[in-house]
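Some notes on the structure that comes next.
The values are calculated or read from the model by the stated rules, or taken from the named source; none is laboratory data. Values in this document were obtained by computation on a predicted structure and should not be read as measured data. Cβ atoms come from the backbone with ideal geometry, glycine included; neighbour counts cover every protein chain shown. What goes into the accessible areas is simple: the full protein's heavy atoms, side chains included, and nothing from ligands, DNA or RNA. Shrake-Rupley method; radii C 1.70, N 1.55, O 1.52, S 1.80 Å.
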Amino acid sequence: MFVSVNAETLLKEDFNTMDNWEDLHFEKIERHSTYEVKDSILIAKSDDSASGIKFKKNYDIFKYPVLKFAWKINNVYEKGNALEKEGDDYPIRIYIMFEYNPDNAGFWQSVKYDLAKSIYGEYPPDSSLNYIWSNKVQEDKIITSPYTEQAKMVVLDSSITYLNTYRVHEVNVLKDYIKAFGENPPKNVTIAIMTDSDNTHEKSLSYIDYIEVKSE
């Protein structure tokens, strides 16, 4: 559900249905990951594939900066490496997309985003934070995507430690964004969930028990 459970909690998603979510597909990737709900658990499967699911509504990150969730994975990718394009796959990630605001954009950014909108029908995100289960133990806990400086990977779990065990995380997305990018983020954000293996050509099986969005 997407409701103000109380003054502090905006979202408590227990995955009783998929009604609140829609597909998130990417250009030139034809093989999609799969997502289904069973016994109030989201099951995410990737097989040489990449896609996600996106929550249908956005919200104000300054009012509700705290994200809490529980996830579990069965395996990591042998070829996975957050520092290289060929290894930029993760068995599970929580993908926070920050909405592009044309009113705040500079000239060249406006040109770039207007072109993207003319091709795809909507603006791409201004930037993103990806909370990941890394395939390898990473020295740095915040990593810039090998594809774009506008995407930062935040390592919460890594390697085979805690495989087949639910891990509960509570993060402050606003503080993590400022730490990663050195500035305040755009106001509106959307949550997505993703499992991908199109670069490594491997398989994974992951689970999410719940997601909560709340104030500090």
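Only one of (1) within 17 Å of ILE193 (Cα to Cα); (2) at pLDDT 95 or above is not met by LEU24, so which one is it?
(2)
I'd like the residue in the range 123-135 that is at pLDDT below 95 and assigned to a loop (DSSP other than H, G, I, E, B) and, out of all such residues, is least open to solvent (accessible area, probe 1.4 Å).
ASP126
Within the set of pairs 6 or more residues apart or between chains, which connect a residue that is under 17 Å from PHE69 (Cβ atoms) inside the range 198-213 to a residue that is among the polar types (S, T, N, Q) with Cβ atoms less than 6 Å apart?
Close Cβ pairs satisfying both conditions: SER206/THR195.
Could you say which residue among TYR100, TYR64 is open to solvent by less than 70 Å² (accessible area, probe 1.4 Å), at pLDDT below 95 and either over 27 Å from ASN199 (Cβ atoms) or in contact with an Asp or Glu (Cβ under 7 Å, 6 or more places away or on another chain) (or both)?
Sole residue among the options that is open to solvent by less than 70 Å² (accessible area, probe 1.4 Å), at pLDDT below 95 and either over 27 Å from ASN199 (Cβ atoms) or in contact with an Asp or Glu (Cβ under 7 Å, 6 or more places away or on another chain) (or both): TYR100.
Could you please give the count of residues in the range 10-60 that are without any contact (Cβ under 8 Å) to a residue 24 or more places away in the chain and among the β-branched types (Val, Ile, Thr)?
3
For the range 181-198, how many residues meet the condition of being within 30 Å of ARG31 (Cβ to Cβ) and not in a strand (DSSP E or B)?
2
Given the residues ILE73, ILE53, which is the only one that is hydrophobic (A, V, I, L, M, F, W, C), farther than 18 Å from TYR147 by Cα and in contact with a Pro (Cβ under 9 Å, 6 or more places away or on another chain)?
ILE73
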